[in-house]
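Readers should treat all values here as calculations from the given coordinates under stated rules, not as data from a laboratory. Everything numeric here is computed off the predicted structure, so don't read it as measured data. Heads up, the Cβs are rebuilt from the backbone with ideal geometry, glycines too, and the neighbour counts pull from every protein chain shown.
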Amino acid sequence: MPQYSIDPTELQSEISALPITCNPLPSPADKQLTQADQCLVSEIFPQLIEGSSDAIRTLKGLIKRYPEVPSLKSHLCAAYQRAGRSRQSEKIVDLLRRENPDYLFGHLNYAGSLVDNPKSRQRIPEILGETLRLRDFKPDVELFHESEVQGYYNIVAHFHLEEGRPDSAMAICKQLLAFP
């Protein structure tokens with residue numbers, strides 16, 4: 001396996017060169033949600049971060065109505081993780097990756113579930129791209145949302161830290177802190 005390291009100067013240039021927005025980038029699938037359901041997702045988002053069982057119930061109901069909307073499953077995965085329900089989270093990650101192989105957050109959720117396990121962690125470059133560079137991993141994306149960039153490089157930083165490269169992890173974190 002190659003040794004991955006991050007040159008802070010290169011990383012700064014790379015992130016600066018990415019087309020990034022902080023405005024919502026709804027996917028065609030997200031547009032299926034009614035305005036009321038979009039508002040509901042926004043309202044329960046703080047509870048999702050806490051792993052609230054009420055938010056999980058609400059999301060499961062939304063997923064039954066909109067099974068083809070990957071962002072709902074991604075939110076459910078995160079809520080399960082926050083609630084300490086890793087087995088349920090892993091099931092959703094598997095489903096999300098099978099149904100939506102190009103969905104970036106599906107890859108991030110999967111990589112995030114592996115990063116703490118020394119044996120599984122070795123698969124992260126396979127999952128997020130051998131160079132561990134977002135532009136190399138998703139060359140055809142015209143515009144990234146800031147949460148995609150931050151989520152991708154958070155996992156990459158965690159990977160470097162767990163692999164014993166704290167300097168590379170710190171360089172990534174510094175770039176993320178300087179992120180607009």
Notebook entry, point to check: Can you give me the relative contact order of the chain as a percent, contacts being Cα pairs under 8 Å and 6 or more apart?
Noted result: 26 percent
Notebook entry, point to check: Over the chain, what number does the Rg to Rh ratio reach, with both radii from the alpha-carbon atoms and Rh per Kirkwood?
Noted result: 0.97
Margin query: Nearest 500 deg cm²/dmol is fine: what mean residue ellipticity at 222 nm does the chain get from its DSSP H runs of n ≥ 4 alone, each adding -39,500 (n - 2.57), divided by its residue count?
Written below: -20000 deg cm²/dmol
Notebook entry, point to check: For the residue pair GLN12 and GLU90, what label-to-label distance in nm results when each label sits 7 Å from Cα along the Cα-to-beta-carbon direction?
Noted result: 4.1 nm
Notebook entry, point to check: Fewest to most neighbouring Cβ within 10 Å: what's the order for ILE92, ILE127?
Noted result: ILE127, ILE92
Note to self: Can you tally the lysine pairs in the chain where the Cα-Cα distance is under 29 Å and the two residues are eight or more apart, or on different chains?
What the structure shows: 17
Margin query: Please list, by residue number, every one of the GluC sites (Glu not before Pro) in region 24-131 that is coil in DSSP and has at most 12 other beta-carbon atoms within 10 Å.
Written below: GLU68, GLU130
Check: What FRET efficiency would be calculated for the residue pair SER120, GLN35, taking the C-beta separation as r and a Förster radius of 30 Å, to the nearest 0.05?
Finding: 0.15
Item checked: Amide H within-cut-off set for PHE144, under 5 Å, with H built and near neighbours excluded -> ILE20, THR21
